[in-house]
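As structure tokens, the structure follows; a few thoughts come after it.
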Amino acid sequence: MKKQAKFGIGIGIILVSMASLAWLGYGESKTYYHTIAEIETLRGTAAAHRMRVGGTVQPGSIHRASGKTEFVLLGEGKSLSVSYTGNDPLPDSFIDNSQALIEGRMGSDGRFVAEHVQAKCASKYEAAPGEAPKPSNSTGRS
Amino acid sequence: MDVFGSFALLLAFVCALYALVGGIAAILTRHPLLIKSARQAGMAACSLIFLATFSVVYLFVADNFSMAYVASHSNRDLATFFKVVALWSGQEGSLLFWCFLMSIYIFSVLIAYRNKHGELMPYVGTILAGVQLFFLTISNFVASPFKALAIANASGGLDYYMRADGSGLNPVLQYPEMIIHPPNLYSGYTGFTIPFAFALAALLGRYPGEKWIHLTRKWTMIAWCFQTVGILLGAHWAYAVLGWGGYWGWDPVENASFLPWLTGTAFLHSVMMQEKRGMMKVWNVWLVFITFMLCILGTLLTRSGVVSSVHAFAQSNIGSWFVGFLTVVMAICLFAYLKNRDYLKSENQLDSMVSRESSFLFNNLVLLVACIAILSGTLFPVFSEWFTGSRISVGAPFFNKVNIPLGLLLLFLTGVGPLLAWRKTSGESLRRNFLWPIIIGIAGGVVAVILGARDFYAIVCFLLSTFVAATIAVEYYRGATVIRARSGLNWLSSAMELTLRNTRRYGGYIVHFGMVMIFVGLAGQAFNKEVQKEIGIGGTVKIGPYELLLQALDQKQEKNYVAERMIVEVMKDHKPVMILFPERRNFPTNQESGTMVAIYSTLREDLYVVYAGVNQGSEVPTIHVFLNPLVKWVWYGGIVVVMGTIVALVTPRHAVLVLSGSPALSGSKVPATAPGFTTAVPSTATLREGHD
């Protein structure tokens, strides 16, 4: 029984220390997903959380200045002004009408300060202008 | 070809269905003809899947843009080999390709054991057919790669039509690694189906002994090796293509590939406890069940968009199918376990904290805790939404905080475990085995500090890496000395001879050494530097010992894209070293662009240069430079791991220590009929080994 207890203690130490490290890491990096419409309704501490927000980049809204890029994100009929201040260059797929996922916090002036921006091109599967219209449906042919 | 292919796929579904239903009937009735027909139906299903896959490839190569899948993943100007690999560039093709690779394994198993293991194989065949049936259902009825483009006509019906050209292949996928990364990873994912089927078969059929472990050892190692290579290639692809300077970002899809690797690694180690000491039987069965389920979960995460990821695959309804399948698998595993758990009683107990058993136990614990931490971190958004209503994700700090210490603990066990004896290790043996490695390890840590290491984990990692490398060197030295004394061969030949005599043990050491190299490479991250700067022509950037001069910008027109190139001269200590060409590629077909990172790589460090684009306000090009020490060790370590795995798969020269169950030997040296022999011989043989 004594041996079993020893193993139990060893395993316990590993588990407890990992759980506490996990808790620390969780506190440091937890990020809330919100929609643009939800952000307006957030109050108090909820509004100060680190957030991840998805939306469509409003055409013509991208303005690049030194050190930051400003743009407007649209979603569910609402809009959100964003300043991107991160160091990494914006992804190539970040263009007008692209789907973007931004990560950061709400600034005091009501602008969202993003540290990370991911984007994917929405137009990829649409037919280019002049081609046959986009098929409304695909169907099996077997 | 499209009709042919989709018909083959449908017929494969019918065959797999027969193999499943016929297999169940065969198990119940034990009728030899039924057993045979179920097996042959399984083989027919595999062959038909091969045909269907080849016909999709044919459609790509033939530029058949009437097919929805081809039209959205290829275009006329695409190089032919990219047309072939475009098969696995999207959802439908990837799933078919998954099924294709799995069928290669299944076909090999069915044909290799067609006249052997008569009790076990009907179960195995039936389980494999069940798994295959699920994927065939998806490929036939949910995400068929054989959908044709159609458009509504005036009368309300549908007309087929063909597009003049396709949308093109996603530029980030047009890179050599993409040819080999998915096949490797999928070969890993699908390969674990085989040990899963054997474990479940042995449990369901109450098949005596450890035979399923002996039979599946090679399959498991092959799957594990593919998985390792797949993960590393994925990391290398991310490093060389995505241009953010790193190779591992704890992205959900990366994590998904890592999870079954962790449990698979745990399984490869803990089966030794069962082989040698008859312990951990329940654990092993569950490890392999869980590994398989994690493989399915990995496919689910990758393909369904449940958790958003840079891989950015479209949301699709495929997720619920996978969740359903996972539930069924879990239910069957639980049922089999609850019904036959008495057959999994352990024959021995742990004797001592300082023993091989206990090192395996902790190895498994560490791998499992890492797996659970990564799994919960990856699925956190899903779970938090269930429980609290808000979707919360965790990032790199969470994963690093837990996994770095766990990784170092594992590294420590890698050095210690193989040198501990089974049951109990004496103090004398401890001193003899570890005195020198500990001294050398501490020296390694001191050297790291002298060379400028300040990060605590990095120092520990270098210390442990030298320690583990030293334990392996000492083992080799000791074994080779014995052989040299007896045979008079030189050191190198003696070491070769030693490896070939016990491939399993020394192959394992080589794999461990490869892992040490990977750890050294990972620790290099503590010294990463980066600079981002807008520079005009003639401008310079300094990083570490290097100075980079932007000589010119140029453009070149390729068949499928336009490349804008920076011509960057690299100088070290004011002497020109080389010229790098970081590129940005614009693909007109799908209006996308991609980066081509230029890397000057040495064993010491990588100079990683990205053309980050032109500032749209000032029209000045931006360069992003990273100096990443020791990255190459990760890739070379991977190569060593593969070599070690191959060595471990080779049949040893003197068959004394080989398990009788391995196919190459059964029936030759060992009387396969003798019951109990399989466990008795290897345990004594390797016990001696362990005490060596």
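Tell me, which residue of the range A:52-66 that is surrounded by 13 or more Cβ atoms within 10 Å (Cβ to Cβ) and more than 10 Å from chain B (Cβ to nearest Cβ) is nearest to B:Gly249 (Cα to Cα)? Ranking the qualifying residues of the range A:52-66, first place goes to A:Val53.
For the range B:253-260, check the following and say yes or no: at least one residue is farther than 30 Å from B:Val610 by Cα and in contact with a Phe, Trp or Tyr (Cβ under 9 Å, 6 or more places away or on another chain). Yes, that holds for at least one residue. Within the range B:152-161, the set of residues being assigned to a loop (DSSP other than H, G, I, E, B) and either facing another protein chain (nearest Cβ under 9 Å) or within 30 Å of B:Val323 (Cα to Cα) (or both) comprises just one member, B:Tyr161. Give the range B:369-395 a look and list any residue that's among the aliphatic types (A, V, I, L, M), more than 7 Å from chain A (Cβ to nearest Cβ) and either touching a strand residue (DSSP E or B) at 6+ places or on another chain (Cβ under 6 Å) or touching a residue at least 40 places away in the same chain (Cβ under 8 Å) (or both), or say none. Correct list: B:Ala370, B:Ile374, B:Leu375, B:Leu379, B:Val382. Looking only at the range B:334-344, decide whether some residue is without any contact (Cβ under 8 Å) to a residue 60 or more places away in the chain, within 9 Å of another protein chain (Cβ to nearest Cβ) and under 24 Å from A:Phe7 (Cβ atoms). No, because not a single residue in the range B:334-344 is without any contact (Cβ under 8 Å) to a residue 60 or more places away in the chain, within 9 Å of another protein chain (Cβ to nearest Cβ) and under 24 Å from A:Phe7 (Cβ atoms). Checking each residue in the range B:103-127 for being buried (at least 23 other Cβ atoms within 10 Å of the Cβ) and aromatic (Phe, Trp, Tyr) picks out only B:Tyr123.
Scanning the range B:126-168 for residues that are of a type outside the set (S, T, N, Q) and under 30 Å from B:Leu34 (Cβ atoms) gives B:Ile127, B:Leu128, B:Ala129, B:Gly130, B:Val131, B:Leu133, B:Phe134, B:Phe135, B:Leu136, B:Ile138, B:Phe141.
If only one of B:Leu136, B:Leu169, B:Leu149, B:Leu185 is of a type in the set (A, V, I, L, M), crowded, with 16+ Cβ neighbours inside 10 Å, within 14 Å of chain A (Cβ to nearest Cβ) and under 17 Å from B:Leu101 (Cβ atoms), which one is it?
On the way: B:Leu169 fails: under 17 Å from B:Leu101 (Cβ atoms); B:Leu149 fails: under 17 Å from B:Leu101 (Cβ atoms); B:Leu185 fails: within 14 Å of chain A (Cβ to nearest Cβ).
Just one listed residue meets the conditions, B:Leu136.
Looking across B:Tyr506, B:Tyr561, B:Tyr546, one residue alone is touching a residue at least 12 places away in the same chain (Cβ under 8 Å), surrounded by 20 or more Cβ atoms within 10 Å (Cβ to Cβ) and either in the same structural domain as B:Pro621 (by TED's automatic domain parsing) or at positive phi (or both). It is B:Tyr561. Just give me the residues in the range B:180-209 being within 25 Å of B:Leu95 (Cα to Cα) and among the aromatic types (Phe, Trp, Tyr), in sequence order. Once the filter is applied, which keeps residues that are within 25 Å of B:Leu95 (Cα to Cα) and among the aromatic types (Phe, Trp, Tyr), the range B:180-209 yields B:Tyr186, B:Tyr189, B:Phe192, B:Phe196, B:Phe198.
Based on what the data block shows, is B:Ala26 assigned to a helix (DSSP H, G or I) and under 19 Å from B:Phe4 (Cα atoms)?
Here the answer is no, as B:Ala26 does not meet what is asked.
Applying the condition of being surrounded by 19 or more Cβ atoms within 10 Å (Cβ to Cβ) and within 14 Å of chain A (Cβ to nearest Cβ) to the range B:409-424 and asking which residue is nearest to the chain's Cα centre (by Cα) yields B:Leu410.
Results for (1) in a loop (DSSP other than H, G, I, E, B); (2) under 30 Å from B:Gly166 (Cβ atoms); (3) at the interface with another protein chain (Cβ under 9 Å from one of its Cβ atoms); (4) at pLDDT 90 or above, shown as yes or no for each residue.
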site	(1), (2), (3), (4)
B:Met566	no, no, no, yes
B:Val570	no, no, no, yes
B:Asn586	no, yes, yes, no
B:Thr589	yes, yes, yes, no
B:Ser593	no, yes, yes, no
B:Ile599	no, no, no, yes
B:Asp606	no, no, no, yes
B:Val609	no, no, no, yes
B:Gly613	no, yes, yes, no
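Taking the range B:494-545 as the range and being closer than 30 Å to B:Met643 by Cα and acidic (Asp, Glu) as the test, only B:Glu497 passes. The residue that is farthest from the other protein chains (Cβ to nearest Cβ), among those in the range B:188-210 that are over 21 Å from B:Gly23 (Cα atoms) and more than 24 Å from the chain's Cα centre (by Cα), is B:Gly209. Filtered by the rule that a residue be closer than 12 Å to B:Gly5 by Cβ and assigned to a loop (DSSP other than H, G, I, E, B), the range B:63-93 gives a lone residue, B:Asn64. Among the conditions (1) free of Cβ contacts under 8 Å to residues at least 60 places away in the same chain; (2) at the interface with chain A (Cβ under 9 Å from one of its Cβ atoms), the only one that B:Val323 does not satisfy is (2).
Taken over the range A:34-56, the criterion of being modelled with pLDDT under 80 and hydroxyl-bearing (Ser, Thr, Tyr) is satisfied by A:Thr41, A:Thr45. For the range B:569-589, the criterion of being assigned by TED's automatic domain parsing to the domain that holds B:His624, more than 18 Å from B:Tyr611 (Cα to Cα) and either in contact (Cβ under 8 Å) with a residue 60 or more places away in the chain or under 32 Å from the mean Cα position of the chain (by Cα) (or both) is met by at least one residue. Criterion applied to B:Phe7, B:Phe100 was being part of a helix (DSSP H, G or I) and surrounded by 17 or more Cβ atoms within 10 Å (Cβ to Cβ), and the one residue passing it is B:Phe100.
Residues in the range A:74-105 that are touching a helix residue (DSSP H, G or I) at 6+ places or on another chain (Cβ under 6 Å) and modelled with pLDDT under 80: A:Glu76 only.
Among the candidates B:Phe462, B:Phe467, B:Phe412, the residue that is farther than 30 Å from B:Lys218 by Cα and among the aromatic types (Phe, Trp, Tyr) is uniquely B:Phe462.
Does B:Ser55 satisfy being out of contact with any His (no Cβ under 7 Å at 6 or more places or on another chain), modelled with pLDDT of 90 or more and assigned to a helix (DSSP H, G or I)? Spelling it out, B:Ser55 is indeed out of contact with any His (no Cβ under 7 Å at 6 or more places or on another chain), modelled with pLDDT of 90 or more and assigned to a helix (DSSP H, G or I).
For B:Tyr239, state whether it is on the phi < 0 side of the Ramachandran plot and away from chain A (no Cβ under 14 Å). Taking the combined requirement at face value, the residue satisfies it. A count restricted to the range A:111-142 and to residues that are at pLDDT below 80 and assigned to a loop (DSSP other than H, G, I, E, B) stands at 18. Looking across the range A:1-40 at every residue that is in contact with a Gly (Cβ under 9 Å, 6 or more places away or on another chain), without any contact (Cβ under 8 Å) to a residue 60 or more places away in the chain and at the interface with another protein chain (Cβ under 7 Å from one of its Cβ atoms), the one that is farthest from A:Thr56 (Cα to Cα) is identified as A:Ala22.
The values are calculated or read from the model by the stated rules, or taken from the named source; none is laboratory data. Being a predicted model, the structure only gives us computed values, none of them experimental. Methodologically, a virtual Cβ is constructed for each residue, glycine included, from the backbone with ideal geometry; neighbour enumeration extends over all protein chains shown.
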